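Read the structure below first, then the notes.
The values are calculated or read from the model by the stated rules, or taken from the named source; none is laboratory data. Keep in mind that what you see is a predicted model, and the values were worked out from it rather than measured. Heads up, the Cβs are rebuilt from the backbone with ideal geometry, glycines too, and the neighbour counts pull from every protein chain shown.
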């Protein structure tokens, strides 16, 4: 596992999000949940000495990398049109 736990500050689901879209926020929440589950699996496999631990660690690393990509690429006013294909502005939760 990386030095700093990428799931320390887990985002919360926003009931105002459009439920027809997988938003960055919802993707982040799902990634946090999956990372926690994968961390538990890795710990169980390590404890039992199972041979699948290497594959489980690789998946955990991939999930953590996906979380970092998700954090780096939020939709903002500058990239909104390029991402969605029409003019608009990013919704802000303030």
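Overview of values
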| quantity | calculated |
| --- | --- |
| Test: residue in region 29-49 that is modelled with pLDDT of 80 or more and at positive phi | yes |
| Where a residue in region 66-85 is farther than 22 Å from residue 33 by Cα and its partner, wherever it lies, is at pLDDT 80 or above, with Cβ under 9 Å and at least six apart | 80/86; 80/87; 81/87 |
| Tally of residues being loosely packed, with under 11 Cβ neighbours inside 10 Å and either under 10 Å from the mean Cα position of the chain (by Cα) or part of a helix (DSSP H, G or I) (or both) across region 70-87 | 2 |
| Close pairs (9 angstrom Cβ cut-off, 6 or more residues apart or separate chains): within 18 Å of residue 32 (Cβ to Cβ) in region 51-64, surrounded by fewer than 11 Cβ atoms within 10 Å (Cβ to Cβ) anywhere | 61/2; 64/2 |
